[in-house]
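Chemist: My questions will all concern the structure given below.
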Amino acid sequence: MSIEVKNLLKQYGEQKAVNNISFKAEKGEIVGFLGPNGAGKSTTLKIITGYLSQTSGEAYVCGINVSEQPLETKKKTGYLPELNALYYDMYVREYLDFVAEVHKISDKKQAVSKVIETVGLQSESKKKIGQLSKGYKQRVGLAAALIHDPEVLILDEPTSGLDPNQIIEIREVIRQQGKNKAVLFSSHILQEVEAICDRVIIINKGELVANDTLVNLQRGNKNKHVVIVQFSTPIDKNLLEKLNEVDAVQEPQTALYKLQTTNPESVRKQILELSLQHNLNIISLQSESQRLEEIFRTLTQPSTINK
């Protein structure tokens with residue numbers, strides 16, 4: 001139960017939509033697949049699912065070469081594309097019954113009922129798909145991807161159109177599916193990726209720029225730690241600027257100060273010592289690592305790509 005690409009290249013004339021990328025997602029792993037618009041995310045997902053052929057390189061699903069055995073790999077794959085193509089004139093149950101028939105599921109009725117419950121479509125299951133909100137249409141697409149209990153799950157913007165409550169529900173569905181499947185999860189909502197993904201892959205202009213756990217990515221940029229201190233009343237900013245290993249101090253907002261540093265532990269200790277020396281009352285003192293949004297912006301700037 002795995003997804004793997006090796007030296008994958010997709011070229012349109014002189015343009016390389018995907019440029020020699022390699023990565024793998026294993027069973028029990030939810031991998032976030034990120035990149036700005038036009039980075040090559042959807043192209044890569046379409047190649048893995050057999051909807052698009054590559055220029056060179058290989059894609060594998062559960063160890064099976066997608067190009068050589070596309071039907072076999074499709075049987076093992078659940079795919080929710082970014083543009084969720086549905087038959088709007090069909091009823092929800094009717095459509096899912098049709099998808100179950102395509103997959104030759106023996107007990108279609110049970111499979112349909114189970115997946116409707118899994119994605120939370122009970123209240124809408126007797127409606128035509130065209131009558132549903134965008135969020136519920138997205139749930140129908142997710143149900144169709146899950147109905148045959150695939151070994152790998154590929155989701156392209158699965159929470160698109162969902163309200164905050166629905167996002168939490170679908171997040172839990174994905175988390176549960178990720179316990180026994182390999183899940184590749186593409187999203188522009190970086191908070192979602194932070195919430196459910198074990199590892200993050202980032203591509204930019206077709207090139208792989210990151211493939212690691214979020215914790216390791218945060219550790220990798222040691223200049224991006226921030227110590228946040230709030231005093232009971234504003235203090236002289238110069239006191240903080242004189243601390244060792246502090247790169248910058250943000251202008252105070254009331255009595256809240258942000259210090260960028262390479263050594264947050266040392267800076268916190270210095271702040272405590274400073275408060276004792278000058279009789280300063282600290283309300284809160286904490287440090288935070290670089291968030292995924294900042295990592296994403298750093299890695300997808302043009303200057304980060306090797307020319």
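Chemist: In region 53-69, which residues are of a type outside the set (Val, Ile, Thr) and crowded, with 16+ Cβ neighbours inside 10 Å?
Modeler: Correct list: Gln54, Gly57, Glu58, Ala59, Tyr60, Cys62.
Chemist: Within region 180-187, can one find any residue that is surrounded by fewer than 20 Cβ atoms within 10 Å (Cβ to Cβ), within 16 Å of the chain's Cα centre (by Cα) and of a type in the set (Ser, Thr, Tyr)?
Modeler: The answer is no, given that none of the residues of region 180-187 is surrounded by fewer than 20 Cβ atoms within 10 Å (Cβ to Cβ), within 16 Å of the chain's Cα centre (by Cα) and of a type in the set (Ser, Thr, Tyr).
Chemist: For region 132-173, name all the residues that are surrounded by fewer than 17 Cβ atoms within 10 Å (Cβ to Cβ), at positive phi and among the charged types (D, E, K, R).
Modeler: Passing the criteria: only Asp149.
Chemist: Something else about it: Can you name the residue in region 273-299 that is surrounded by 14 or more Cβ atoms within 10 Å (Cβ to Cβ) and modelled with pLDDT of 85 or more and, of all such residues, is nearest to Gly206 (Cα to Cα)?
Modeler: Across region 273-299, the extreme among qualifying residues is Leu285.
Chemist: Given (1) exposed (fewer than 13 other Cβ atoms within 10 Å of the Cβ); (2) touching a strand residue (DSSP E or B) at 6+ places or on another chain (Cβ under 6 Å); (3) in a helix (DSSP H, G or I), where does Thr43 come up short, assuming only one miss?
Modeler: It fails just one condition, (1).
Chemist: Which of the following residues is modelled with pLDDT under 95 and in contact with a Pro (Cβ under 6 Å, 6 or more places away or on another chain): Asp156, Asp163?
Modeler: Of the residues listed, the single one that is modelled with pLDDT under 95 and in contact with a Pro (Cβ under 6 Å, 6 or more places away or on another chain) is Asp156.
Chemist: Here's another thing I want to ask about it. Tally time: how many residues in region 70-90 are surrounded by fewer than 16 Cβ atoms within 10 Å (Cβ to Cβ) and in contact with a Lys or Arg (Cβ under 8 Å, 6 or more places away or on another chain)?
Modeler: Number of matching residues: 2.
Yes/no matrix, rows are residues, columns are (1) within 30 Å of Leu8 (Cβ to Cβ); (2) touching a residue at least 12 places away in the same chain (Cβ under 8 Å):
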site: Glu72; (1), (2): yes, no
site: Lys75; (1), (2): yes, yes
site: Leu83; (1), (2): yes, no
site: Tyr91; (1), (2): no, yes
site: Val115; (1), (2): no, yes
site: Glu124; (1), (2): no, yes
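Chemist: Here's another thing I want to ask about it. Could you go through region 11-23 and let me know if any residue there is closer than 20 Å to Pro150 by Cα, in contact with a strand residue (DSSP E or B) (Cβ under 6 Å, 6 or more places away or on another chain) and of a type in the set (Ser, Thr, Tyr).
Modeler: Checking region 11-23: not a single residue is closer than 20 Å to Pro150 by Cα, in contact with a strand residue (DSSP E or B) (Cβ under 6 Å, 6 or more places away or on another chain) and of a type in the set (Ser, Thr, Tyr).
Chemist: For Glu4, all conditions in the list (1) acidic (Asp, Glu); (2) surrounded by 16 or more Cβ atoms within 10 Å (Cβ to Cβ); (3) in a helix (DSSP H, G or I) hold save one; what is the number of the exception?
Modeler: It is condition (3) that Glu4 fails.
The values are calculated or read from the model by the stated rules, or taken from the named source; none is laboratory data. Values in this document were obtained by computation on a predicted structure and should not be read as measured data. Here the Cβ is made from the backbone with ideal geometry for all residues, glycine too, and neighbour counts use every protein chain on show.
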